[in-house]
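In what follows, a single structure is set out as structure tokens and then discussed.
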Amino acid sequence: MNGGTKSTERLFCLDLLRGLDMFYLACVSAVLVPLLKALGAGPAWSHFFVTHDWYGFTLYDLIMPLFIFMCGAAVPFALGRRLDGQGRPGPGYWRHVLSRFVLLWVLGMLVQGNLATLDIHKIGLYSNTLQTIAIGYVAAAAVYPLKSRTVKIAIPVALCVAYALIVHFGGDYTKDGNVSQRFDLAVWGAILPADNAAVARIRSGGYSWLLPSLMFPVITLAGCFSTEILRSGLAPWRKAGWLGVFGATSLAAGWGLYFLGIEMVKHIFTVSFTLQAIGWSILALDALYVLTDIWKLRKGMGLILLFGQTALAAYLCESLFRSACFAVSERLFSGVKAHLPAAWGDVAIAVGYALTVVAVLVVWRGFRRSRGR
């Protein structure tokens, strides 16, 4: 957190963890859905690996906050070199930040906000992970240049306290009784038509976005602080130790709040859920740092690194172009599907979809590298 000598060495663990997150989202989860069905696995398996209930914390619940966390982890690299000689943000710094904010916001509206329809009855203004990253990115950009470590730590703590009080005393933790959903419905109900599809999705799915925006900067800043620890002048094992303490403290705080009555609910990003997500994200980063940056165990990581280096493209393949990738798989693997039992034919198509995504990312990475020459 802006102290000590900064390490300039590339951190292998960052690309790897980002890649694991995107690989699971874009490929593994798509294959697991038909695979678990073909194997006759019970609902508990699906709930843990590919879906989530209202309450609790599962592996699938970690995908979105880990994506936000890893975007925060990139902040010291992306923005640190844009500060002036005194470590202050200038006009160029903010132009870069705001341009990224607008790009992420518009892409989010295209992915899940139905922007391409140009129909106000269908368009959602704020309903996507990329937009939560945009919120967190701007917040991290404002906090990162601050000189006071105390102030930098106090900001996410204050956000957690404020949101915990609002949610706990503003309603309950049920799908229809929480204050976050009521706030979203009140705001969007005043702005958008009564029959707007995005408003209907809030009522049916329970996801809310406006008040939980207090939590997205907290996750982003946790990623930023984690990278600052790894780039500090400490010895490698001391970095790993401090990162482990950071992650374990976040997990303990999340469980403590849960036992005090603050439920873990991803749909509204309760503080207990958020702290659990941060804790597991930090510990995963710490484990990979030890394995790949201290012990240098890096062989066989090419596929995962591909997803880490093309994370946004992988996300768009899984969301915006998901139907197109599945259509390619159906065309290429329909013969394989025809020779398998129905359930296993769906697995084959899902594997073909995953291969299609990988092929797209290979082409995209090659294009970017050719442009960079």
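The values are calculated or read from the model by the stated rules, or taken from the named source; none is laboratory data. Everything numeric in this text was worked out from a predicted model, so none of it was measured. Note that we place each Cβ from the backbone using ideal geometry, even for glycine, and neighbour counts take in every protein chain shown. Please note that ligands, DNA and RNA were not included when accessible areas were found on the heavy atoms of the full protein model with its side chains. Shrake-Rupley method; radii C 1.70, N 1.55, O 1.52, S 1.80 Å.
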Quiz item: Roughly how many percent of the accessible protein surface of the chain is carbon and sulfur, given a 1.4 Å probe and a whole-percent answer?
Solution: 69
Exercise. Quick one: what are the phi-derived ³J(HN,Hα) couplings along segment 66-73, Karplus 6.51/-1.76/1.60 with θ = phi - 60°, whole Hz, x for glycine and proline?
Key: 5, 4, 5, 4, 5, 5, x, 5
Quiz item: Given H placed 1.01 Å from N in the peptide plane, which residues other than close sequence neighbours of Tyr207 have an amide H under 5 Å from its amide H?
Solution: none
Quiz prompt | Amide H partners (placed H, <5 Å) of Ser232, local residues excluded | solution = Ser7
Exercise. Determine the distance separating the Cα centre of segment 11-73 from the Cα centre of segment 127-152; give it in Å without decimals.
Key: 24
Quiz prompt | Contour minus Cα-Cα distance for Arg322 and Leu291 (0.36 nm per residue) | solution = 7.9 nm
Quiz item: For segment 108-124, list residues with backbone N below 20 Å from a point placed 7 Å from the Cα of Ala194 toward its Cβ?
Solution: 120-124
Quiz prompt | Amide H within-cut-off set for His52, under 5 Å, with H built and near neighbours excluded | solution = none
Quiz item: Once a ≥ b ≥ c are taken as the square roots of the eigenvalues of the Cα gyration tensor of segment 258-373, is the result rounded (a/c under 1.5), prolate (a/b larger than b/c) or oblate (a/b not larger than b/c)?
Solution: oblate
Quiz prompt | Helix-only CD estimate at 222 nm, as mean residue ellipticity for the chain, using -39500 (n - 2.57) per DSSP H run (n ≥ 4) | solution = -21500 deg cm²/dmol
Exercise. Take the Cα atoms of segment 159-296, find their three principal axes, and give me the spread along each one in whole Å, biggest first.
Key: 57, 30, 21
Quiz item: Going by the alpha-carbon gyration tensor, a ≥ b ≥ c the square roots of its eigenvalues, is segment 86-218 rounded (a/c under 1.5) or, if a/c is not under 1.5, prolate (a/b greater than b/c) versus oblate?
Solution: oblate
Quiz item: Taking Lys37 as the anchor, which lysines have their alpha carbon closer than 26 Å to its alpha carbon, excluding any fewer than eight residues away along the same chain?
Solution: Lys266, Lys337
Self-check item: Accessible surface, segment 222-347, averaged per residue in Å² (probe 1.4 Å)
Solution: 45
Practice problem: Indicate the gyration tensor shape class of the chain (rounded, prolate or oblate), computed on the Cα atoms with a ≥ b ≥ c the square roots of the eigenvalues: a/c under 1.5 is rounded; otherwise a/b larger than b/c is prolate and the rest oblate. | Solution: rounded
Self-check item: For segment 1-93, accessible area per residue (1.4 Å probe, heavy atoms of protein chains only), Å²
Solution: 44
